[in-house]
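Q: Quick one: structure below, then a few questions.
The values are calculated or read from the model by the stated rules, or taken from the named source; none is laboratory data. Since the structure is predicted, the reported quantities are computational estimates derived from the model, not experimental observations. Note: ideal-geometry Cβ built from the backbone for every residue, glycine included; neighbour counts use all protein chains shown.
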Amino acid sequence: MTKKRFLRAGLVLLIFLGATSIACAASNDNGDYIVTPAIGPVGENEIVRDTGADKNITFWDLPLWIQLSVIGGTTLSTFALIKYLPLLLGKIFTRDTNPKLKEIVSYITENPGCLEIEIAKNLNLKRGTLRYYLAKLQSTKRVRTIKKGRIKGIFHITCSKTEDQKILDLHKKNEIRKKMIEIITRKPGVTRQELSSELNINKSTVHWHIKDLHADEFIYFEKDGLTKRYYPQSILLSD
C-alpha cells in the first residue's frame, strides 16, 4: 500500500469511528432511543429544575467500546501525524533548496518568454533534465507556457506583462519578424516592397510575417491605391 493510500485509509477510519461513536452514544443496546425524566415523576403545578448535570463522569466511567474507539482514533491520528508531518514540512521548507531549480526559476523570471533551448544552453542543462524541472514548476503553477505557432515561451507566474505583451515577446523570438517590427515602428507607412528590400527577403516571406502580425493586431494597414502601407498599433509604440 502506498503512503497516499495508507493516509487516505486512516482518515476514512477516523471518520468512521467518529460517526459510529456518535450514533452508538445516542442509542441503547437495542438501537432504540429512550427519554426519561431526570428527577422522576413531576406533580401538577410543580416546577422542574433541570439546570446542570445530574452527575459528572470521567473518561474511565464510559463504556469500554467508547474508550477503545477514542483511544484507537487518537493512536491512529498521532501515528499519521508523526509519520507524515516531517515529510510535509520537508517539502514546504526545501522546495527551493535545489540549486539547479532555483537557477531555472531565476532565469525564467529575468527572461520572460524564454525558450527551452535558451534555458538549456545558458544554464548548461540537458533538455530531458530541464523538462523534468519545468514539469515540476508547472505542476505547482509557478511557471506558465504560452504557445505561438511552434514557439513555446515560458513565463514566471509573477510576470506582470499583459497577454498581448507576452505574445509580442514570442513574435520577437523570430529574428526576421523582430527586425520587421522595428522597421514598421521606425517607419510608419512602409510598404511590403520596402520591407522586402530592407530585410533582403522575398515578398512572399514578408507577406507571411505581415499576415501573422496583423492577425494578432500588432500592425494595421491603409490602402494607397493598389499599395498597402503598414503602421504599428499602440502596443508597439509603448513597448
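Q: Does Ile108 fit the bill of being touching a Cys at 6+ places or on another chain (Cβ under 7 Å), modelled with pLDDT of 75 or more, assigned to a helix (DSSP H, G or I) and closer than 30 Å to His171 by Cα?
A: Spelling it out, Ile108 is indeed touching a Cys at 6+ places or on another chain (Cβ under 7 Å), modelled with pLDDT of 75 or more, assigned to a helix (DSSP H, G or I) and closer than 30 Å to His171 by Cα.
Q: Identify all residues within region 193-204 that are in contact with a Leu (Cβ under 9 Å, 6 or more places away or on another chain) and over 15 Å from Ile181 (Cβ atoms); write none if there are none.
A: Correct list: Lys203 only.
Q: Looking at Lys147, Lys179, which one is free of Cβ contacts under 8 Å to residues at least 24 places away in the same chain, under 30 Å from Glu110 (Cα atoms) and assigned by TED's automatic domain parsing to the domain that holds Val105?
A: Checking each option against the conditions leaves just Lys147.
Q: If you check every pair at least six apart or on different chains, which have Cβ atoms under 6 Å apart with a residue in region 207-227 that is closer than 25 Å to Gln165 by Cβ first and a residue that is hydroxyl-bearing (Ser, Thr, Tyr) and not in a helix (DSSP H, G or I) second?
A: Ile219/Tyr230; Tyr220/Tyr231; Phe221/Tyr230
Q: Step by step: first the residues of region 109-142, then only those that are under 28 Å from His209 (Cβ atoms) and touching a residue at least 12 places away in the same chain (Cβ under 8 Å), then the one that is surrounded by the most Cβ atoms within 10 Å (Cβ to Cβ). Which residue is that?
A: The selected residue is Gly113.
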